[in-house]
Each structure stands twice: as C-alpha cells, then as structure tokens.
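See below for the structure under consideration.
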Amino acid sequence: MSNKFLIKSAVIPVAGIGTRFLPITRSVPKVLLPLINRPIIEYAVREIVSCGISDIIFVMGRNMNIVKEYFDEKSDLLKYLKDSNNFEKIKEQEEISKLANIDVVYQDKALGLGHAILQSKSKIKSEYFLVVLPDDLIFNDINAVKQILEVHNKLGGTCVGLKEVQEEEISNKGIVEGKLIKKNIYSLSNMVEKPEIVNAPSNLSIIGRYILNKKIFELLEKQSPSALGEIQITDSIKNSMKFENVYGKLIEGEHFDVGNPKGMLEASIYLTNQNK
Ligand code: UTP
C-alpha cells in the first residue's frame, strides 16, 4: 500500500500491568495470551507490516523480554521440524521470525499510555509514526491501520481510530468531540479521557490505532497525570490541536477488546467460526 507520508516506525506499548487478566498476568505478559494458539501481539505486528511498515518498537516492562523472544529465530525448533520433514510448520515458524525489525524500549513503571509512548522517542525515524494497542483487535478486509493510514494520506495530520460505544462504557474511554467531514471521518476539536457521562461530548470513543506527529513528545514531556493518575496520550493529543489537525476515523470491522477475558473469549469464538 502506498505510504505517501513515509511513516517508518510503529510503536506497540505492552508495558501495562494487565490487571483485568490477573492472575495469569502475574507471570505471562497479557500480549502473549493467545487467541486459540496465536498470541495477540502477533495480530498487531501482522496488521502493521501488511501496511508496509516494518520497523516496530515494543515498549515493555523490564520483566517482559519473553514478548520480544517470541519473534526470535528458534534454531532448535527449526532443526527438529526439519528432521521430521514438517515443511508446512517450518515455513510458518520462519515467517514469524522474519515478520518485522523489532526493537525494544523499556517503561520502568506503568505510569500510563502517554508515558509508555514517550519512551519510544529516540527510536522514531519519521515525522509521523503509528501506535497500535494490541488489546483492540479488529477483523476487517481493510485492516484498521490501513483505514487510518488512508485518512492520513488524504488529509495529513494526526488520526485516531474511533468506535461508537454504549452509554455505560463512556466513563471508561477516551471520548472525542468533532464534526463529520466525510463518510466515517471526523475533524476533531476536543477529546477527554474517561469523562463522566454528563460531561461526555459524544459517544465516540478512541480505539487503539493512532497516527501521531513526533511533536507529541514535547507535549508528553510536560504532561501531568490526569485520569487514574496516569499520563494520558489523550491529553497530549488534545493539546496538539493548537498546531495540528486531528482527525478521527470510525473504524469498520468486528472489534474485540481482548484486554479482558470476556472479549478474548468472544474473539476466539469469532475466529473459530471464521475458520470453519
Ligand atoms: P490498558 O489500559 O489496557 O492497561 O493499557 P493494562 O495494564 O494493559 O490492563 P489493565 O487495565 O490493567 O487490565 C492499554 C495499552 O497500553 C499499554 C498496555 O500494555 C496496553 O497495551 N500500557 C498501559 C503501557 O504500555 N504502559 C502503561 O503504563 C499503561
């Protein structure tokens, strides 16, 4: 796919505590939990590389090297598969380790998504970069990253993925205010993290796909904690609206929040039915 603005880097923050998945997240990072037999991080990596972006930075906790290791070449495994002539499996296993150039930065303390993204500052190679949250798993022929890249390629600027949510979900989400300018595309004028329902500007929530301007790092460096005492990316994107057009793309597709057990189960059932 054409990538006119030459976005070269994608960031996948995975350093969260994974409270909703305790107790398994005591020792297994949430992004290694599987849909059937494939960890959710692989879906995020594949979505990004399918759009022509191969430099991917994981923002991890210090105890999460196992996440990067999943993508390493497994020579013993390959030898075993070769010795047993299991050519189909060899192909897939080799493909996984060649999917992307994966680099790692660390977030020593889970101080929020904005703080996690800030840790990737020195690794970003282009004016704009992509952020993908693996918890938001979206199945669609044109994947969610492609959808926001298409908006960015047409209009420039920052772009976030959006989803319509039920009233009871509003106070747990980043909610936007904006004007519909084209089918499924909004020009945004405000956003607020976890608003009370009475203060919510809409029922449009940000989901985990972002194209951000590198200038966001200057704002993140000055950003105070807000909702949940965390440094929120939403606050910095809102502040960037002074110098930056910010668009929202209503993401088309089947969306699952696999950051909680119910969403993970629903996504697994969906996938099983698709593969029947
Ligand atoms: P979540 O809000 O889902 O937090 O983070 P979490 O810790 O993963 O899960 P819960 O809420 O405790 O159950 C959204 C994304 O941002 C990353 C997470 O790893 C996840 O991919 N994140 C969040 C960080 O990398 N660092 C943070 O400090 C917070």
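The values are calculated or read from the model by the stated rules, or taken from the named source; none is laboratory data. Note that the structure is a prediction, hence the values are computed from the model and not measured. Note that each Cβ is placed from the backbone with ideal geometry, even for glycine, and that neighbours are counted across all protein chains shown.
Given the criterion more than 23 Å from V14 (Cα to Cα), at pLDDT 95 or above and not polar (S, T, N, Q), identify the matching residue among Y186, Y210. First the steps, then the outcome.
Numbers: Y210 fails: more than 23 Å from V14 (Cα to Cα).
Sole residue among the options that is more than 23 Å from V14 (Cα to Cα), at pLDDT 95 or above and not polar (S, T, N, Q): Y186.
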>> I36 - would you say it is more than 16 Å from the ligand (Cβ to nearest atom), of a type in the set (V, I, T) and farther than 15 Å from V131 by Cβ?
In response: yes
> Of the residues that make up segment 52-74, is at least one crowded, with 18+ Cβ neighbours inside 10 Å, within 16 Å of the ligand (Cβ to nearest atom) and among the charged types (D, E, K, R)?
Replying inline: no
> Applying the selection to segment 29-57, what residues are closer than 24 Å to N275 by Cβ and part of a loop (DSSP other than H, G, I, E, B)?
Replying inline: L33, I36, N37, S50, C51
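Does G259 meet the test of being surrounded by 14 or more Cβ atoms within 10 Å (Cβ to Cβ) and either in a strand (DSSP E or B) or without any contact (Cβ under 8 Å) to a residue 60 or more places away in the chain (or both)? So that I can check it myself, show each step before the final result.
Numbers: surrounded by 14 or more Cβ atoms within 10 Å (Cβ to Cβ): yes; either in a strand (DSSP E or B) or without any contact (Cβ under 8 Å) to a residue 60 or more places away in the chain (or both): no.
So G259 does not fit the description; no.
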>> Checking the structure you have, find out if any residue of segment 78-87 is of a type outside the set (V, I, T) and within 30 Å of E150 (Cα to Cα).
In response: no
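Of these, S84, S126, S97, S120, which one is among the hydroxyl-bearing types (S, T, Y), on the phi < 0 side of the Ramachandran plot, surrounded by 15 or more Cβ atoms within 10 Å (Cβ to Cβ) and modelled with pLDDT under 95? Lay out the reasoning, then the answer.
Working: S84 fails: surrounded by 15 or more Cβ atoms within 10 Å (Cβ to Cβ); S97 fails: modelled with pLDDT under 95; S120 fails: modelled with pLDDT under 95.
S126 is the lone residue from the list that is among the hydroxyl-bearing types (S, T, Y), on the phi < 0 side of the Ramachandran plot, surrounded by 15 or more Cβ atoms within 10 Å (Cβ to Cβ) and modelled with pLDDT under 95.
Criterion first (touching a residue at least 40 places away in the same chain (Cβ under 8 Å), at negative phi and either within 13 Å of the ligand (Cβ to nearest atom) or of a type in the set (D, E) (or both)) does I41 satisfy it?
On the way: touching a residue at least 40 places away in the same chain (Cβ under 8 Å): yes; at negative phi: yes; either within 13 Å of the ligand (Cβ to nearest atom) or of a type in the set (D, E) (or both): yes.
The answer is yes for I41.
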>> If I ask for residues that are farther than 20 Å from D136 by Cβ and assigned to a helix (DSSP H, G or I), which ones from segment 58-77 would you list?
In response: N65, I66, K68, E69, S75, D76, L77
> Can you pull out the residues in segment 78-108 that are touching a helix residue (DSSP H, G or I) at 6+ places or on another chain (Cβ under 8 Å), in a loop (DSSP other than H, G, I, E, B) and within 15 Å of the ligand (Cβ to nearest atom)?
Replying inline: Q107
> Is one or more of the residues making up segment 12-24 more than 10 Å from the ligand (Cβ to nearest atom), farther than 18 Å from L137 by Cα and either modelled with pLDDT under 95 or not in a helix (DSSP H, G or I) (or both)?
Replying inline: yes
>> Suppose we filter G161, G174, G208 for residues that are buried (at least 16 other Cβ atoms within 10 Å of the Cβ) and in contact with a Pro (Cβ under 8 Å, 6 or more places away or on another chain); which single one remains?
In response: G208
>> Six or more apart or on different chains, Cβ atoms under 9 Å: show the pairs whose first residue is in segment 49-78 and among the basic types (K, R) and whose second is part of a helix (DSSP H, G or I).
In response: K74/Q93; K74/I96; K74/S97
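I'm trying to understand the selection: among the residues of segment 134-144, which are in a loop (DSSP other than H, G, I, E, B) and more than 17 Å from I7 (Cα to Cα)? Step through it out loud before you land on a result.
Start the filter on segment 134-144 by keeping residues that are in a loop (DSSP other than H, G, I, E, B), which leaves 134-135, 140-143.
Once the filter is applied, which keeps residues that are in a loop (DSSP other than H, G, I, E, B) and more than 17 Å from I7 (Cα to Cα), segment 134-144 yields P134, D135, N140, D141, I142.
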